[in-house]
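Written below as structure tokens is the structure these notes are about.
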Amino acid sequence: MRYAVLSMLLVLTSAAPSFAQRSRLITEEEKPPAQWGVTFAFTPRWELPGNLSGLIARDSTAVTDADGKPTVHGNDWSIGIARGRASGHEWGLSFTRQRLDSGSTIAQTFEATCGTGTGTCLYGQRLALTDVSVIGPEIHYYVPFLRINNRVGFGINLAAGGGRFIGTAAVDRFEDTPVGTPGEHVEGPVSEIVEGVYYGEPWTWFGRVEPGVAIMATRQLRIHAGLGFHFPGWTYFGVRTTYFFPRATP
């Protein structure tokens with residue numbers, strides 16, 4: 001009996017490291033280490049509604065037409081590097097171009113009695129964008145908060161960055177100008193002629209908070225489609241695709 005007990009203890013002692021090693025391997029397979037990858041994001045359309053006009057220190061009438069529709073809108077795209085997992089968190093750095101559609105206008109004008117004391121004059125300025133973009137770096141962070149299975153989940157995409165205005169624009173300035181009379185018209189590079197009409201010229205910042213649905217197409221590929229706040233406005237659809245490079249096998 002004594003020899004049998006000693007034999008059992010010896011077997012258990014030698015097996016314990018094997019069980020522990022197997023447990024570690026299972027844990028590592030369930031939560032693999034972070035990987036490097038590439039990411040691409042695209043927003044087909046964003047717009048600045050009147051109730052968010054305060055973000056650029058303007059009245060709602062300055063960014064909407066007579067029907068209340070936004071007069072400032074555009075699209076954007078970004079491309080960069082990422083670090084994380086397709087089924088987990090992700091952060092990255094991208095080059096971003098936020099474009100403002102040609103024809104977007106901001107009209108910060110008002111009517112008042114002319115300086116002569118007679119008649120009605122127009123005061124202020126009107127900005128018309130023809131080919132304007134903001135380009136610069138953006139940092140993003142993706143946070144998953146629910147996963148239904150290994151293929152579908154929900155998460156939120158957070159991002160912030162800054163850039164410089166490029167392109168051309170036109171400004172009409174009115175100072176004691178009788179209503180119906182053209183004001184001072186200036187056209188040229190947006191960084192030279194625009195001053196205090198939009199926000200933060202010639203430098204500004206951008207950001208987004210977009211909850212949505214994530215699809216893990218493969219172990220390396222995640223597609224996130226969402227909507228939400230898109231400074232300085234709002235977007236109803238945006239997509240970010242991230243491909244993580246496979247880990248090298250020993």
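The values are calculated or read from the model by the stated rules, or taken from the named source; none is laboratory data. The structure presented is a predicted model; accordingly, all values stated were derived computationally and were not measured. Quick reminder, even Gly has a Cβ in these numbers, built from the backbone with ideal geometry, and neighbours come from all protein chains shown.
Where residues in segment 57-93 are of a type in the set (A, V, I, L, M, F, W, C) and in contact with a His (Cβ under 9 Å, 6 or more places away or on another chain), which of them is nearest to THR105 (Cα to Cα)?
The extreme case among them is LEU93.
How many residues are at pLDDT below 90, part of a loop (DSSP other than H, G, I, E, B) and in contact with a strand residue (DSSP E or B) (Cβ under 9 Å, 6 or more places away or on another chain) when one looks only at segment 105-139?
3
Checking GLY54 against (1) surrounded by 15 or more Cβ atoms within 10 Å (Cβ to Cβ); (2) among the small types (Gly, Ala, Ser); (3) in a helix (DSSP H, G or I), which single condition isn't satisfied?
GLY54 satisfies every listed condition except (1).
Filter segment 122-152 down to the residues that are under 25 Å from GLY103 (Cα atoms) and not aliphatic (A, V, I, L, M), then identify the one that is farthest from the chain's Cα centre (by Cα).
Among residues in segment 122-152 that are under 25 Å from GLY103 (Cα atoms) and not aliphatic (A, V, I, L, M), the one farthest from the chain's Cα centre (by Cα) is TYR123.
Which residues, counting only those in segment 59-74, are more than 17 Å from PHE206 (Cα to Cα) and either in contact with a Lys or Arg (Cβ under 9 Å, 6 or more places away or on another chain) or of a type outside the set (Ser, Thr, Tyr) (or both)?
Selection gives ASP59, ALA62, VAL63, ASP65, ALA66, ASP67, GLY68, LYS69, PRO70.
Tally the residues that are of a type in the set (Gly, Ala, Ser) and more than 30 Å from THR218 (Cβ to Cβ), restricting the search to segment 66-98.
Total meeting the criteria: 3.
Considering only segment 62-82, how many residues are surrounded by fewer than 16 Cβ atoms within 10 Å (Cβ to Cβ) and either over 22 Å from ILE135 (Cα atoms) or among the small types (Gly, Ala, Ser) (or both)?
Residues in segment 62-82 being surrounded by fewer than 16 Cβ atoms within 10 Å (Cβ to Cβ) and either over 22 Å from ILE135 (Cα atoms) or among the small types (Gly, Ala, Ser) (or both): 5 in total.
Among the residues of segment 147-155, is there at least one that is in contact (Cβ under 8 Å) with a residue 60 or more places away in the chain, buried (at least 19 other Cβ atoms within 10 Å of the Cβ), within 29 Å of LEU221 (Cβ to Cβ) and out of contact with any helix residue (DSSP H, G or I) (no Cβ under 7 Å at 6 or more places or on another chain)?
Scanning segment 147-155, I find at least one residue that is in contact (Cβ under 8 Å) with a residue 60 or more places away in the chain, buried (at least 19 other Cβ atoms within 10 Å of the Cβ), within 29 Å of LEU221 (Cβ to Cβ) and out of contact with any helix residue (DSSP H, G or I) (no Cβ under 7 Å at 6 or more places or on another chain), so the answer is yes.
Quick one: which strands (runs of 3 or more DSSP E) sit completely within segment 187-250 and have at least 3 residues that are modelled with pLDDT of 85 or more and among the β-branched types (Val, Ile, Thr)?
In segment 187-250, 203-216, 233-244 are the strands (runs of 3 or more DSSP E) which contain 3 or more residues that are modelled with pLDDT of 85 or more and among the β-branched types (Val, Ile, Thr).
Considering only segment 123-137, how many residues are under 14 Å from ASN75 (Cα atoms) and either touching a helix residue (DSSP H, G or I) at 6+ places or on another chain (Cβ under 6 Å) or among the aromatic types (Phe, Trp, Tyr) (or both)?
Going through segment 123-137 one residue at a time, the tally reaches 1.
Given (1) of a type in the set (A, V, I, L, M); (2) part of a strand (DSSP E or B); (3) at pLDDT below 90, where does ALA86 come up short, assuming only one miss?
All conditions pass for ALA86, except number (2).
Can you name the condition, by its number, that PHE174 falls short on among (1) modelled with pLDDT of 90 or more; (2) farther than 30 Å from THR116 by Cα; (3) of a type in the set (Phe, Trp, Tyr)?
Going through (1) modelled with pLDDT of 90 or more; (2) farther than 30 Å from THR116 by Cα; (3) of a type in the set (Phe, Trp, Tyr) one by one, PHE174 breaks only (2).
Pull up segment 94-145, narrow it to residues that are touching a His at 6+ places or on another chain (Cβ under 8 Å) and not β-branched (Val, Ile, Thr), then point me to the one that is farthest from PHE174 (Cα to Cα).
Among those residues, the one meeting the criterion is PRO144.
Kindly evaluate GLU90 against the criterion of being within 24 Å of LEU55 (Cα to Cα), buried (at least 19 other Cβ atoms within 10 Å of the Cβ), within 21 Å of the chain's Cα centre (by Cα) and of a type in the set (Asp, Glu).
It is false that GLU90 is within 24 Å of LEU55 (Cα to Cα), buried (at least 19 other Cβ atoms within 10 Å of the Cβ), within 21 Å of the chain's Cα centre (by Cα) and of a type in the set (Asp, Glu).
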